[in-house]
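As structure tokens, the structure follows; a few thoughts come after it.
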Amino acid sequence: MVSLVAGVTLVVLVSMVTLDLVCGGQEGGEDSRLAHTHLTHTQRHYTPQTGGARSTTFSYIQRTARSGIFQNNGIFEGIRLADAESAGPFHGHEDKAKFKNEKMEIAMRQPNAIDDNECNEINCIGNFNKNGNAGPKHNSIGNIEFNGVVKNTVLTDDPIGHSDKGPVVLTHSGPVRGLTLDKAHVFYGIPYAAPPVGPKRWTAPKPVSPWTQPYDATFPRPACMQVCAGEFSEMCPPKISEDCLYLNVFVPLSVDLSKPKTKALPVMVWIHGGDFIAGSASKPLYDGRFISNYSNTLVVNMEYRLGAFGFLVTGKDPQSSAVGNYGILDQQAALQWVHQNIAAFGGDPAKVTLFGESAGAQSVSLHLMMQISEPLFRHAAVQSQPFSIPLKTRFDAMKLGRDFVKLTNCSASDLACLRSLSSHTILKAQVKAGSKIINPFRFLEMFETWGPYIDGQLLKEQPITAFQKGRWQSYKPVILGTTSEEGVIFVYGVFTESVSVLECIVYTTAIFKQHTLSILYKYVPLYHNQDRRIMLSQIVTDFVFLCPTRRSARSAISLGGSVWMYVFDHSPSDHNIWSGLTFCYDRACHGAELPFLFDSAPETNLTLTAQETHLANQMVCYWGAFAHSGDPNSRTEQTPFCSQQRLPVWPRYTSAESWPILNFTLQSHPQHGNREDICDFWDELDIY
């Protein structure tokens, strides 16, 4: 294989020298805008124009590949999929004046909610608790932490002044008290599993201990552990902790929580993205009040364990080693909680829609493959799923685990030793172990070092394989889609300057090996004399996101499934959405749809034009209709708000209609396909 790759590279080099064809012409050039292509309803091809913008943010950014993408120390020098959840304006100001309810304002500021020693030794600007684990620590939930072990207690005092007010709902574990705000009833930080700390670190989620007095669900709890030091401090949630298995519930004001429920409403469960190493359910970006209120649905979003805390693999025996996939099990436990408790909030446990973006979309796909998740949801929306980034094999997950363990002075079989490590030590080992290339023949894995792996039991194969072979719940209605410029944030995040011919060849060959020449000859003529990053960005968009998504959708159709496809093709007018990532200005980067989908711009310090607000309203109503009926075009349960939006028809994705998709722009419209000839090329290569 190595000799074959070398041979391909030699041929490409010769071709480059003689024809100036491979990897385009511009050698140094300006950072030209992506000649990305918006499709109109009459176009079947892309025409160059500036446009598309926004993504989510990602961690491990703003380092050049030239400084050593293969570096074995420090933080990985490239960009990962920790997009829409790890940075940008969406880290927001929880205490902004937009919250009209003064008590909510107090809760979001959390003045007394979490003391300075919270986050299991790490606060969110990277300062470490000098006291280590010595002595008890009090946190916002009324928990008392002794030597890293958290015991649930119920608040008997009122740290934010309103624990005796607001709606109370009786769950299976005990009563919870929330808030009634201007758009919805909100219950923040309800525990769905016991804190995964002490002896519960690296175990499957355990049931939470019940309580009898009202639990204070009036403010968000900490996010799960993630890197919060140095240059990443601004990307972090306000607080992080190992004690993080909580969820938020948003209930429309149409539900009178003081009376018996006469009609159950559909439920939308959100799984955040962030490369499985970052993100939080409580980001202002994911404020579920607006979807809930406008579409008359309940919204639930969850925290789940990230990085080494959620995905470390050191062996096969769960009694003596970490066996990984804990973050996925956490998500499943949250879905179980919804199944058991959501009726008390006015929701229908038989009508749950699971939706997520990026790593969240990967998670949704995994639950569509897992039999034990099958009865827990009815519909799914898979947004910007990087189908071509493979899950690790057991061998690769174990190798990453061994690299991690070597940095801790523990042995792989000594789980007690690993559990005694401080959170600080684990995070440092996570970052350092994750900076290595685990498998040079699976180069794309470097974009998602920590995450789910194929364990042979919970997860048995790659999602793209399962979707192509029909080994998933294809009878469930599904929304599938991408943004038009997914790859920009990854390529421009790695390459801060124009890419040389040699770099272009090296990176293309590292990913595509013996297929490099075919791919370059397909793309180079389309991007001749342009900044090579434009071409590389389009290759990432097509190969990682768009084309495998199309192939998965067509597989579902062949099995009799119902699929609606979209492309989000709008570039937001407010550049603050990118938090200084200038290469995403006027582009539809990875995650661009999120502030529109949640209609959450007022809570994220973003300004939308009147037309953009209408686009956001439309997206909320499409997803809400899908949650109600499994069809985004349904009008049977449409709210007065949604009836005013005059939604264009979103055709079902079928060959009979020439594979129509919905193009989300200021003038959203159906169109026939999306880069069909390019995706036909990738399908024929069959290398997803």
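The values are calculated or read from the model by the stated rules, or taken from the named source; none is laboratory data. None of the values given here were measured: they were computed from a predicted structure. Using ideal geometry, Cβ is built from the backbone for each residue, glycine included, and neighbour counts are taken over all protein chains shown.
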- Tally time: how many residues in region 353-384 are aliphatic (A, V, I, L, M) and either more than 17 Å from VAL563 (Cα to Cα) or out of contact with any strand residue (DSSP E or B) (no Cβ under 8 Å at 6 or more places or on another chain) (or both)? 6
- Task: Output yes when any residue across region 569-589 is in contact with a strand residue (DSSP E or B) (Cβ under 6 Å, 6 or more places away or on another chain) and either assigned to a helix (DSSP H, G or I) or within 20 Å of LEU354 (Cβ to Cβ) (or both), and no when none is.
- Result: yes
- Tell me, which residue of region 617-651 that is part of a loop (DSSP other than H, G, I, E, B) and polar (S, T, N, Q) is nearest to SER292 (Cα to Cα)? THR639
- Message: Condition (residue is aromatic (Phe, Trp, Tyr) and within 20 Å of the chain's Cα centre (by Cα)) applied to region 281-289: is it met by at least one residue?
- Response: yes
- Query: Is region 210-231 home to any residue that is at positive phi and not in a loop (DSSP other than H, G, I, E, B)?
  - Reply: yes
- Query: What is the number of the single condition among (1) surrounded by fewer than 24 Cβ atoms within 10 Å (Cβ to Cβ); (2) within 19 Å of GLY178 (Cα to Cα); (3) of a type in the set (S, T, N, Q) that THR262 does not meet?
  - Reply: (2)
- Item | Selection count, region 288-314, where residues are of a type outside the set (Ser, Thr, Tyr), crowded, with 24+ Cβ neighbours inside 10 Å, touching a strand residue (DSSP E or B) at 6+ places or on another chain (Cβ under 8 Å) and assigned to a loop (DSSP other than H, G, I, E, B) | 2
- Kindly provide the set of residues from region 319-340 that are within 21 Å of GLN371 (Cα to Cα) and more than 23 Å from the chain's Cα centre (by Cα), ordered by number. GLN340
- Query: What are the residues in region 517-534 that are part of a helix (DSSP H, G or I) and either buried (at least 24 other Cβ atoms within 10 Å of the Cβ) or among the charged types (D, E, K, R) (or both), if any?
  - Reply: LEU520, LYS522, ARG532, ARG533, ILE534
- Task: Considering (1) β-branched (Val, Ile, Thr); (2) surrounded by 20 or more Cβ atoms within 10 Å (Cβ to Cβ); (3) touching a Gly at 6+ places or on another chain (Cβ under 9 Å); (4) modelled with pLDDT under 95, say which one VAL501 fails and leave the rest.
- Result: (2)
- Message: Against the definition (surrounded by 18 or more Cβ atoms within 10 Å (Cβ to Cβ) and not aromatic (Phe, Trp, Tyr)), how does THR465 come out, yes or no?
- Response: no
- Task: Could you list, in sequence order, all residues of region 393-405 that are part of a helix (DSSP H, G or I) and either in contact (Cβ under 8 Å) with a residue 12 or more places away in the chain or aliphatic (A, V, I, L, M) (or both)?
- Result: ARG394, ASP396, ALA397, MET398, LYS399, LEU400, GLY401, ARG402, ASP403, PHE404, VAL405
